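First comes the structure, then the notes that go with it.
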Amino acid sequence: MNKLFDLIRTFLIREITDQKNAEVELRQRDRLLQGVAEAANYLLAEMNYEIAIEKALASFGAAANSHHIYLFQNHPHYLTGDMATSLQFEWTRTGIPSCQHLWQNQSYQTSGLEHWYNNLSS
């Protein structure tokens, strides 16, 4: 009889845990969808595109509970002509230092990021 009670208790604990995990995932998904909706609204309604992008990144960052959100621009490197990237916009959580100055004119080839360029451009 004790084995049956142990089995039932184990089943109930697993069922409750699964339900709690599903509820957490749903709240995270809802928070992300809300962030996407807010970001889209900023991008559509704000006349100044720089302000719109900054607000959209902040919305994404808060919704994703992130420390950093970046928006890069690809361009030819000014010296070599190789494909490079530069950080155009950055959102950081309060108290987190910016790293925008580190990500300017970074060649994909020399910085070891070529696989990112190849994967994302195909």
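The values are calculated or read from the model by the stated rules, or taken from the named source; none is laboratory data. What you see is a predicted model; the values in this text were computed from it and never measured. Every residue, glycine as well, gets a Cβ built from its backbone with ideal geometry; the counts of neighbours run over all protein chains shown.
Which residue, of Ala22, Ala56, Ala39, is without any contact (Cβ under 8 Å) to a residue 60 or more places away in the chain, farther than 13 Å from Trp91 by Cβ and not assigned by TED's automatic domain parsing to the domain that holds Trp116? Break it down into steps so the answer makes sense when it comes.
On the way: Ala56 fails: farther than 13 Å from Trp91 by Cβ; Ala39 fails: farther than 13 Å from Trp91 by Cβ.
Among Ala22, Ala56, Ala39, only Ala22 is without any contact (Cβ under 8 Å) to a residue 60 or more places away in the chain, farther than 13 Å from Trp91 by Cβ and not assigned by TED's automatic domain parsing to the domain that holds Trp116.
Test of understanding: among Asn41, Asn21, which residue is over 23 Å from His101 (Cα atoms), surrounded by 12 or more Cβ atoms within 10 Å (Cβ to Cβ) and polar (S, T, N, Q)? Full working, then the answer.
Values: Asn21 fails: surrounded by 12 or more Cβ atoms within 10 Å (Cβ to Cβ).
It is Asn41.
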- Item | Residues being part of a strand (DSSP E or B) and within 25 Å of Ala58 (Cα to Cα) - total across region 93-122 | 1
- Can you name the residue in region 113-122 that is exposed (fewer than 13 other Cβ atoms within 10 Å of the Cβ) and modelled with pLDDT of 85 or more and, of all such residues, is nearest to Pro76 (Cα to Cα)? Asn118
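Which residue out of Glu50, Glu90 is in a strand (DSSP E or B) and at pLDDT 90 or above? Full working, then the answer.
Values: Glu50 fails: in a strand (DSSP E or B).
The unique qualifying residue is Glu90.
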- Message: Tally up the residues in region 55-73 that are closer than 25 Å to Leu113 by Cα, of a type outside the set (Phe, Trp, Tyr) and in a helix (DSSP H, G or I), please.
- Response: 3
- Query: In this structure, does Thr85 turn out to be under 19 Å from the mean Cα position of the chain (by Cα), surrounded by 11 or more Cβ atoms within 10 Å (Cβ to Cβ) and either assigned by TED's automatic domain parsing to the domain that holds Ser121 or at positive phi (or both)?
  - Reply: yes
- Task: State the number of residues belonging to region 40-52 that are among the aliphatic types (A, V, I, L, M) and either under 14 Å from the mean Cα position of the chain (by Cα) or closer than 27 Å to Val24 by Cβ (or both).
- Result: 1
